[in-house]
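Laboratory data are not the source of any read-out in this text; all were calculated from the coordinates shown. As the structure is a computational prediction, the values presented were derived from the model and not from experiment. A quick note on method: Cβ atoms are made from the backbone with ideal geometry, for glycine too, and the neighbour counts reach across all protein chains shown.
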Amino acid sequence: MLKYVVKRILMAIPILIGISVIAFFLIRLVPGDTVTALLGVNYNEEQALILRAKYGLDKPLVVQYFIWLKNVVAGDFGNSFFTKEPVLSAIADRLPVTLQLMFMSFLYSIFIAIPLGTIAAIKRNSAIDYGASFLGLLGVSVPNFWLGTLFILFFSLNLKWFPSGGFISFLEDPVQNLRYMIMPSVALGTAVGAVVMRMTRSSMLEVLGQDYIKMAEAKGVTDRRLIFNHALKNSFIPVVTVLGIQMGYLLGGSVVIEKIFSLPGVGQLSLQAITNRDYALMQGCILLVASGFVIINLLVDIIYAFLNPKIRY
Amino acid sequence: MGEIWYRFRKNKLALFGFSVLLVFIILALAAPIIAPYDPFQMSTGETLQSPNSAHIFGTDQFGRDILSRIIHGTRISFKVGIISVGISLVVGVAMGICAGYFGGWIDIIISRIIDIMFSFPDIFLALVIMAILGTSLTNVMIAIGIVYTPIFARIARGSTLTVKDNAYIEAARSIGVGDLMTIIRHILPNILAPLIVQITLSFGFAIRSEAALSFLGLGVEPDVPSWGIMLNEGKDWMELAWWVSVFPGLAATLAILSFNVLGDGLRDALDPKLKNESE
Amino acid sequence: MKEVVLEVKNLKTHFRTRKGIVKAVDGVSFKVHKGETFALVGESGCGKSVTCMTIMGLIGRKKNEVVEGDIFFKGRNITNISKEERRKLRGKNMSIIFQDPMTSLNPVYTVGTQIAEMPIIHEGKSQSKAKEIAVNMLKKVGIPSPDKRVDEYPHQFSGGMRQRGVIGMSLACNPELLIADEPTTALDVTIQAQILELLRKLKEDTESAIIMITHDLGVVAEVSDSVGVMYAGTLVEKALVKELFKKPLHPYTKGLLKSIPKPGSKERLTIIEGQPPDLHNAPKGCKFYPRCSYAMDKCREEMPKLIEIENGHKAACWLNEVNKNGK
């Protein structure tokens, strides 16, 4: 087990380096650098040169990369060119919002998807099964931003149950916080829930056809025990793999959802950075999002190994 | 082939998806004939009209007919689908086959690139690429094409690895058939089934991604009647005019849903392992 | 005669399918006594596994599965008892071993956990007591260092070891009846002999009744006391093993016996021509009629009953009737 985890961590390192290379060089491809954007209409060669020298932008790219990487490793992501705020603290300010959004979407999706997928598989070809399959198809097809728009139209503007956007910290007022977060979480989590539900259903169906399930029935276990003890753990194995990929979807989708519901999260920050051509901030966001995804997948693989004794031993 | 068609035909849902897509294709091809109004025709006297007999889906803030814009939007969505999936398909399959067929260092390098690309959430990567390229329809297609390339590369690599060691490929090579010929004649036809399924599903992804990018204002030019642009404009008028936001999204959902059920149906029809699963 | 553990009377298991009714088991009757090994022999698809799955109560729970006839377990008719009562019998009083040991153990639990589950669910034993039983069972079925292996997962066991584990699991509650559904088919020849030997030894120890399902007459000769030969859902011959090998009465049995090689014999091996009938539309008369070289007109018209020909040796064939009358 330990050997597997160490191996898996070592495998993630070249990917993280690759991400840093992309985060750095991709941004340098953006037409018009920060200095141009910063000076705007007051642009003149002389001032630009001074500013470039100040920010180290006149050095060769490779040198700039290593300087940047050294600083990043030391925890210094640079300052936003616009607000002068350190990138790390700008991200740290916004991160809790995005994490809460992802966490709530994740909980919502698995709490609905796993029981529904399991029941649909057990009651195969029943009304519940067809209903679940239909919902699943709808869920994977509806674009999350449109679903969010519909929620706002219906639950905010029409019924006035929830605010249409904005944010209040959980620490400040938990009830208000949840009122602000419920619609975004459901809008973001629905597609993930649909994928997980479909996966759970098909995986459960496959497990239920296995010999060891027939054997367990022959042992005289109760129906309850058959599902909970014998089938569920096996059916989770492929579902867990899908969950890792879906976390990436939550991460990416949060950009769109935060925009619709005006949530001050990392997604909004990234959008801002992109529109402002704020190099350092953009790099920080890309680095954070991509390495966050890599780390989530690392954790998923470890959970996977924990569920599957064939990897553990 | 006959059997595949037979299995496919039995799947009512997939047939439904197929029919809906046919309708969309007709709408896209004949948009100027079918659409009741010019999608760009502004009419100051008819702004934000709710659905009525003259404008069954209503009008937007410039008095443009929403139905007509949706019909013209079909063109944009399908164009994005075809070109961006085309890019991912060609680039991805070339990468995947090279990695799988030649192995060694080529495989290691390509696989690492695929892994790194996969570690960016799709919409996020598309946004960053759009930031570099700037907003335009062409750039949207390129960005989406790049984002979905690793999926095709991974499928092509996996399938190539499984067919590579088959006797007929050994045989072809032993009689001096060149690498390119072997790939075209023997590898490509054998990895077609999973690719067809992925192509179908990717159309749905592409349509959704374009809509999302345009919705965020980082997609196509604002004057293009794309579903995403319509939704982007609609969100400013939500309190007054729900129809501006609802109908374009409905069209997008229907199109994505159809590609999804078609993809599922094709997978079941092409994968004989699941042949009698439903009986 | 010893106590009758299981009696099956005119058992029918039919499946309703889209293409019509499949009569997988169509009027089968037999008895199994305490300490007896009864072999059910036949080609694949003849209904021997379905018979046993029906006895276990694993078939007959779905709408398209119709079970008729009676199953008596230790004198009690269990055909129509509640699902819950039936479940309690399974594992505790009657167990089954399936063909493929590679797939009949759950990959995510240790072998020990899976054996210990039996005494836990059926006898309310504590975790630690049940684990003790599991170690004991592994020892009994001949697994070396059982106290270590008990905590290992199925993939750490070899095929033969897994089948030993499955046997240990099946016997953990000392069931009166053990059904072994082709328990050696998936194993190597040398391992097969070991597993058969183990089953024989365990039967002597425990006095369980065993139903051995097999298509291999060699296995029958080795382990069983009496045999039933099944063909297309019906029993065509039933006898003590010695009787059957000495004097097979049904043409199908004769065919089966001729198709196994005998060491030292110069006789040529023959095969039974043709295929078993499609159970959707089996022939009206004797189901073996189309493949039988002795077939008469009567065979096509009417199905022969399984009747006693001589001291306990039963067969379902008009030929015996003719022979009897001819005497």
Quiz item: Hey, how many Å between the Cα centroid of the range A:43-96 and the Cα centroid of the range B:235-270?
Solution: 42 Å
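Using square roots of five times the C-alpha gyration tensor eigenvalues, list the equivalent-ellipsoid semi-axes of the range B:74-278 in whole Å, biggest first. Mind showing how you got there, number by number?
Numbers: eigenvalues 279, 79, 30 Å².
After scaling each eigenvalue by five and taking roots: 37, 20, 12 Å.
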Practice problem: Please give the FRET efficiency for C:GLU321 paired with C:ASN80, using the beta carbon to beta carbon distance and R0 = 41 Å, rounded to the nearest 0.05. | Solution: 0.70
Practice problem: Tell me the label-point distance for the pair C:ASP297, C:LYS34, using the 7 Å Cα-to-Cβ offset, in nm and rounded to one decimal. | Solution: 5.3 nm
Self-check item: Nonlocal amide H pairs with C:GLY69, under 5 Å, H built at 1.01 Å
Solution: C:LYS12
Quiz item: Rounded to the nearest 500, what is chain C's calculated 222 nm mean residue ellipticity when only DSSP H runs of at least 4 contribute -39500 (n - 2.57) each, over all residues?
Solution: -10000 deg cm²/dmol
Self-check item: Under Karplus coefficients 6.51, -1.76 and 1.60, residue-wise ³J(HN,Hα) of the range C:3-17 in Hz, glycine/proline x
Solution: 4, 7, 7, 9, 10, 10, 10, 6, 6, 10, 10, 10, 10, 8, 10
Quiz item: What ranking, highest mean first, results for peptides B:235-247, C:161-173 when packing means the other Cβ atoms within 10 Å averaged over each residue?
Solution: C:161-173, B:235-247
Exercise. Within a 10 angstrom radius of each residue's Cβ in B:126-133, how many Cβ atoms of other chains show up on average? Whole number is fine.
Key: 6
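Please give the average number of partner chain Cβ atoms lying within 10 Å of the Cβ of each residue in A:153-162, rounded to a whole number. List each step's numbers first, then the result.
On the way: counts 8, 2, 0, 2, 4, 1, 0, 0, 0, 0.
The per-residue average across the peptide is 2.
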Quiz item: Hey, any idea what Rg/Rh is for the protein assembly as shown, computing Rh the Kirkwood way over Cα pairs?
Solution: 1.07
Quiz item: Taking only the alpha-carbon atoms of the range A:1-159, what semi-axes of the equivalent ellipsoid follow from 5 times the gyration tensor eigenvalues under a square root, in whole Å, largest first?
Solution: 46, 25, 14
Quiz item: Using helices alone, what [θ] at 222 nm do you get for chain A, with -39,500 (n - 2.57) per DSSP H run of 4 or more residues, divided over all residues and rounded to the nearest 500?
Solution: -25000 deg cm²/dmol
Quiz item: Alpha carbon centre of the range A:131-209 versus the range B:12-52: separation in Å?
Solution: 29 Å
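Given an 8 Å cut-off on Cα distances and at least 6 residues of separation, report the relative contact order of the range A:95-264 as a percent. Present the calculation step by step, with values, prior to reporting the outcome.
On the way: 199 pairs, mean separation 60.5, N = 170.
That works out to 36 percent.
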Self-check item: Proximal lysines relative to A:LYS160, as straight alpha-carbon distance under 29 Å, when same-chain residues fewer than 8 apart are discounted
Solution: A:LYS259, B:LYS235
Quiz prompt | A:ILE260, A:ILE9 arranged by Cβ crowding within 10 Å, fewest neighbours leading | solution = A:ILE9, A:ILE260
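What does the average come to when, for each residue of peptide A:106-112, you count the partner chain Cβ atoms lying within 10 Å of its Cβ?
Details: counts 0, 0, 0, 0, 0, 0, 0.
The mean count of partner-chain Cβ atoms within 10 Å per residue comes to 0.
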Practice problem: For C:LYS129, list the aspartates and glutamates whose Cα falls under 19 Å from its own Cα; do not include residues on the same chain fewer than 8 positions away. | Solution: C:GLU117, C:ASP147, C:ASP151, C:GLU152
Quiz item: Taking the Cβ-Cβ separation of B:LYS12 and A:ASP76 as r and a Förster radius of 56 Å, what is the calculated FRET efficiency to the nearest 0.05?
Solution: 0.40
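With 30 Å as the cut-off, how large is the P(r) tail for the range A:95-264, expressed as percent of Cα-Cα pairs? If you can, show how the numbers build up before the last one.
Values: 3930 of 14365 pairs.
Percentage above 30 Å: 27.
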Quiz item: Between C:ILE213 and residues 5 or more places away or on another chain, which pairs have amide H atoms under 5 Å apart, with H built 1.01 Å from N, and which residues are they?
Solution: C:LEU40, C:ALA180, C:ASP181, C:GLU182
Quiz item: What does the convex hull of the Cα atoms of the range A:197-245 come to per residue, in Å³, rounded to a whole number?
Solution: 61 Å³
Exercise. Just tell me, in residue order, which DSSP H segments of chain B are both 24 angstrom or longer along the helix axis (alpha-carbon based) and at least -0.5 in mean Kyte-Doolittle hydropathy.
Key: B:12-29, B:66-102, B:192-215, B:242-270
Quiz prompt | Residue pairs, from the table A:LYS3/A:LYS310; A:LYS219/C:LYS148; C:LYS23/C:LYS63, whose Cα atoms sit over 21 Å apart | solution = A:LYS219/C:LYS148
Quiz item: In 10 Å bins starting at 0, how do the alpha-carbon pair distances of chain A split up by percent?
Solution: 6, 21, 25, 23, 15, 7, 2, 1, 0
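Of the DSSP beta bridges with both residues in the protein assembly as shown, give the percent that are antiparallel, rounding to the nearest 5. It would help to have the intermediate numbers written out before the result.
Working: 34 of 53 bridges.
The antiparallel proportion sits near 65 percent.
Divide by every residue of chain B the summed helix terms, -39500 (n - 2.57) for each DSSP H run of at least 4, and state the resulting mean residue ellipticity at 222 nm, rounded to the nearest 500 deg cm²/dmol.
Working: 13 runs with 195 residues, N = 279.
My calculation for chain B gives -23000 deg cm²/dmol from helical runs alone.
How big is the charge dipole of the protein assembly as shown about its Cα centre, in debye rounded to the nearest 20, if each Lys and Arg gets +1 on its Cβ and each Asp and Glu gets -1 on its Cβ? Mind showing how you got there, number by number?
On the way: 95 positive and 78 negative charges, 647 e Å.
With only Lys, Arg, Asp and Glu charged at Cβ, the dipole is about 3100 debye.
To the nearest 0.05, how large is the calculated FRET efficiency for C:THR190 and B:LEU29 if R₀ is 51 Å and r is the Cβ-Cβ distance? List each step's numbers first, then the result.
On the way: r = 70 Å, r/R0 = 1.37.
The formula returns an efficiency of 0.15 here.
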Self-check item: Under 5 Å, built H, 5+ apart or other chain: amide partners of C:THR37
Solution: C:ILE210, C:ASP225, C:SER226
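What relative contact order, as a whole-number percentage, does chain C give when Cα pairs under 8 Å and 6 or more residues apart are counted?
Values: 619 pairs, mean separation 65.0, N = 327.
Averaging sequence separation for qualifying contacts and normalising by length gives 20 percent for chain C.
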Exercise. Apply the Kirkwood formula to chain C: the hydrodynamic radius equals the inverse of the mean of 1/r over all pairs of different alpha-carbon atoms; give it in Å with one decimal.
Key: 20.9 Å
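Between their Cα atoms, which of C:LYS258/C:LYS314; C:LYS83/C:LYS242; B:LYS12/C:LYS88; C:LYS19/C:LYS83; B:LYS10/C:LYS88 are more than 31 Å away from each other? It would help to have the intermediate numbers written out before the result.
Values: C:LYS258/C:LYS314 20 Å; C:LYS83/C:LYS242 39 Å; B:LYS12/C:LYS88 43 Å; C:LYS19/C:LYS83 29 Å; B:LYS10/C:LYS88 42 Å.
Cα-Cα > 31 Å for C:LYS83/C:LYS242; B:LYS12/C:LYS88; B:LYS10/C:LYS88; rest within.
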Quiz item: What is the dipole size for chain B, taken about its Cα centre, with +1 at each Lys and Arg Cβ and -1 at each Asp and Glu Cβ, in debye to the nearest 20?
Solution: 760 debye
Exercise. Identify all aspartates and glutamates with a Cα-Cα distance to A:LYS84 below 14 Å; exclude those on the same chain that are fewer than 8 residues away in sequence.
Key: A:ASP76, A:ASP278
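Order the peptides A:76-89, C:244-257 from the highest to the lowest mean number of other Cβ atoms within 10 Å of their residues.
On the way: A:76-89: 16.9, C:244-257: 20.2.
Put in order of decreasing packing, that is C:244-257, A:76-89.
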